[in-house]
Amino acid sequence: MIPWDKLHGAMTHFPIALLLFSTACDFVSVMLRKLPFARELRSVSLCALAVAALASLGAVISGIALSKGDLWGRGDFGWHHRFVWPAFGLLVALAVWRLVVREAMSRFGLCLYLCLMLLASGLVAAAGYFGRELTTGRRGRSPESSANATRSPMESILPCCNTSAPSSGITSCFTVSISSIGSSSAGAVAPMKGALSV
Ligand code: HEM
């Protein structure tokens, strides 16, 4: 069976990284347009954008296979898709535009292109963020952090202090300690006596 989750996790890094890289190259080439390497920078950004668009096809195909054809959804999954689809559409449209027009862009065209590149970068970064949230949600957070999330601040500091129990903290601490020790030994009981005498 194909591990779609691993494949999707690996594939998605290409469109995210390459689109951000291409946008950065475009902005640097515009800012330093007088310098000789500005032209090369534009060629690099075009290549990165074209590869990002191609790689995004792999990300979308693996994503659809992973979600078994569900193209929207709720919660983090819904948010992932709210950003994924506009990002994907914009990325492919920008790559086609750039490949067709090449260097023959008017001043207005260049401004519009740069604004749309910024927008696409933001959308793909947000899609990646919510994708990551989905993954951590599925695998679960670390036992330590998820335990702390359901504890009161006091319980996080003093794990034996059960603030939701009607009885006193010391009693519940004592109960937990006894059950967690199981077969008690003299060495394990000694600290409990100390706790009771406090
Ligand atoms: C350009 C398109 C896409 C990008 C950039 C993207 C990005 C991501 C990222 C970064 C993750 C987290 C991966 C990890 O941490 O290992 C992720 C997870 C996920 N994505 Fe996408 N995604 C895209 C398209 C899609 C599509 C089209 C679908 C479904 C129709 C989809 C469904 C999912 C699902 C279900 C997860 C959770 C995976 C898991 O639990 O392991 N994605 N995505």
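A few notes on this one:
- Hits in segment 1-21 (condition: part of a loop (DSSP other than H, G, I, E, B), away from the ligand (no atom under 11 Å from the Cβ) and either closer than 12 Å to V44 by Cα or in contact (Cβ under 8 Å) with a residue 60 or more places away in the chain (or both)): I2
- Single unsatisfied condition, H80 versus (1) closer than 20 Å to C115 by Cα; (2) part of a helix (DSSP H, G or I): (1)
- Looking only at segment 56-85, residues that are under 18 Å from S22 (Cα atoms) and surrounded by fewer than 20 Cβ atoms within 10 Å (Cβ to Cβ) come to 1 in all.
- Candidates A50, A24: the one that is in contact with a helix residue (DSSP H, G or I) (Cβ under 9 Å, 6 or more places away or on another chain), over 21 Å from G69 (Cβ atoms) and without any contact (Cβ under 8 Å) to a residue 40 or more places away in the chain is A24.
Taken together, the values in this text are just the output of simple stated rules run on the coordinates, not laboratory data. None of these values were measured; they are calculated from a predicted model. Using ideal geometry, Cβ is built from the backbone for each residue, glycine included, and neighbour counts are taken over all protein chains shown.
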